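In what follows, a single structure is set out as structure tokens and then discussed.
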Amino acid sequence: MPRTVPEGHGPVRYGPPAPDPGLPVLPELAAVLAASAGRAHVEPPGGSPALLDAAAGYWSRRGLPSERGHLAAAAGPAPLLCALIAATGGDVLLPRPCTAWWAPQVRLLGRRAFHVATPPECGGVPDPYALLETVRRVRAEGDDPRLLVLSVADDPTATVPPPEVLHETVEAALGEGLHIVSDETWRDTLHHPEETVLIGPAEMVPQQVTVVTDLVGGYLPADWPAAVARFPDTPGGAELRARALDALTALGAQVAAPVAAAAAYALGEPDEVTGRLTAAVRLYAKVAEAVHRALLAAGALGRAPVAGRHLYADFAPLRDALAARGVGDAMELEEHLTERLGMPVPGGHRFGDDLGALRARLPVGPLLGTDTEQRLAALTAPDPLELPHVERALTGLAGALDGLRADAQHLEPPR
């Protein structure tokens, strides 16, 4: 993730990686993929019946009754969102910050992306009043916003919006005639599901929302691209799906047959898949909480992570100490933390945040170990924080952050 973009290279190519799972592939998934590797047929655009039926079952178990004819699959979430933007037309509203790959799809199609500030409680959704103001302003300037993309279990902030905040945002969006795309990639990675209420907009207004899920969030390895979308069960939803399928066909975004088989297996949620997911989320929660404590102890700010395998930190209170090290914006913060911590730490500007804001996303995966044996040990340990290799990684991170705090205290004027 270099600061400077080499001549002829676009910035998207050097965008942040997805949060690293830090865990080996589930053996049962690998076996399904391997057994399907000899298939000679090509998956149809939009997904095979087996994959779509598995996705229908997945959503039906989450209170969203679904049928094959309401769904579509693609080789990853980026082409799926690109197809949705192409199908809806117009410009797109995004929360600030937001998932790094959303805005590039908008720009690729020659549309405009308008970022809207999030409320104090959470990331992932625009503040409803800021959303209304933005829509009315951009329309007055001659632009044509038609689509709002949001996330109820957010990357990068690892937060979940309270239902009442989400409801206000959804009402504001529908009142302005916007179609809503809800990215629910991380919804099954809640750290404490008994304490966190997650309700998606499709559960509030099922006829006005398309739901997208990237299976990398909880079910497949990062290099097995597969994502699914659930369209509203309405004539408008059927028309939107048909246009999106045209775009997916033009993009050649079919899921590879072996990956489709593994995706269908995972979406069926057999015991080994759900068991791995439960254990992994428990591990991510433990380590993310330790990282959050280290950040707060060093003087940084950040909401407690409640989902996913990363967290979002604000280093504004350490601005003077960072400035003394030549760090004055999010790009320089990215370079500094990536080098100092020895792992990718993308700055907030990658997620549409203000360049001048000293914010960054910290991953959990690299702290789980350097080889398969260490990572599996972390997965199965009663308390992974007591494992020597995890303890060393966390101690190293805390030490690097404490160095910033010490610098900040040294720069404070005498009282």
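Miscellaneous remarks
- Taken along the Cα-to-beta-carbon direction at a fixed 7 Å, the label points for residue 323 and residue 164 span 3.9 nm.
- Calculated FRET value between residue 370 and residue 30, using beta carbons and R₀ = 30 Å, to 0.05: 0.90
- Neighbourhood net charge (15 Å Cβ-Cβ; Lys/Arg +1, Asp/Glu -1) for residue 228: -2
- Amide H contacts under 5 Å for residue 125, placed H, 5+ residues apart: 151
- DSSP bridge orientation in the chain - percent antiparallel, rounded to nearest 5: 50
- Projecting the Cα atoms of 199, 19, 356 onto the charge dipole of the chain, computed from C-beta unit charges around the Cα centre, puts 356 farthest toward the positive end.
- Label-point gap, in nm, between residue 293 and residue 37 - each point 7 angstrom along Cα→Cβ: 4.3
- Computed extension gain for residue 282 through residue 243, at 0.36 nm per residue and net of the alpha carbon distance, reaches 10.1 nm.
- Mean separation of Cα contacts under 8 Å (6+ apart) over length of the stretch 272-409, as relative contact order %: 27
- Count Lys and Arg as plus one, Asp and Glu as minus one, and take only other residues whose Cβ is under 11 Å from that of residue 20; the net charge is then +2.
- Among 336, 167, the ranking by other beta carbons within 10 Å of each residue's beta carbon, starting with the fewest, stands as 167, 336.
- Mean Kyte hydropathy of 0.0 or more with a Cα span along the axis of at least 30 Å, helices from DSSP in the chain: 271-297
- Summed side-chain charge close to residue 401 - residues other than residue 401 whose Cβ falls under 12 Å, Lys, Arg +1, Asp, Glu -1: +1
- Options (i) 35; (ii) 44; (iii) 39 - which one matches percent of Cα pairs over 31 Å apart as calculated here: (iii)
- Here the stretch 21-269 is assigned +1 on the Cβ of each Lys and Arg and -1 on the Cβ of each Asp and Glu. Its dipole about the Cα centre then comes out at about 720 debye.
- Here is how the number arises for the chain: DSSP H runs of 4 or more residues each give -39500 (n - 2.57), the sum is divided by the residue count, and the result at 222 nm is -13500 deg cm²/dmol.
- Looking at the stretch 188-268, the GluC sites (Glu not before Pro) that sit in a DSSP loop and have at most 11 other Cβ atoms within 10 Å of their own Cβ are 194, 195.
- Modelled FRET efficiency - R0 45 Å, residue 392 with residue 61, Cβ distances, 0.05 increments: 0.65
- Karplus 3J(HN,Hα) series, Hz, for the stretch 149-155 with 6.51 cos²θ - 1.76 cosθ + 1.60 (x for Gly, Pro): 9, 9, 9, 8, 9, 8, 10
- The stretch 31-94 shape via C-alpha gyration tensor axes, a/c threshold 1.5: oblate
- Computed on the chain, with alpha-carbon pairs under 8 angstrom and 6+ residues apart, the relative contact order is 20 percent.
- Between residue 112 and residue 355, the simple label model (points 7 Å from Cα in the Cβ direction) yields a spacing of 2.0 nm.
A short reminder: the numbers here are calculations on the coordinates, not readings from a lab. Every value quoted in this text rests on a predicted model; they were computed, and no experiment measured them. No Cβ is skipped: glycine too gets one built from the backbone with ideal geometry, and neighbour counts run over all protein chains shown.
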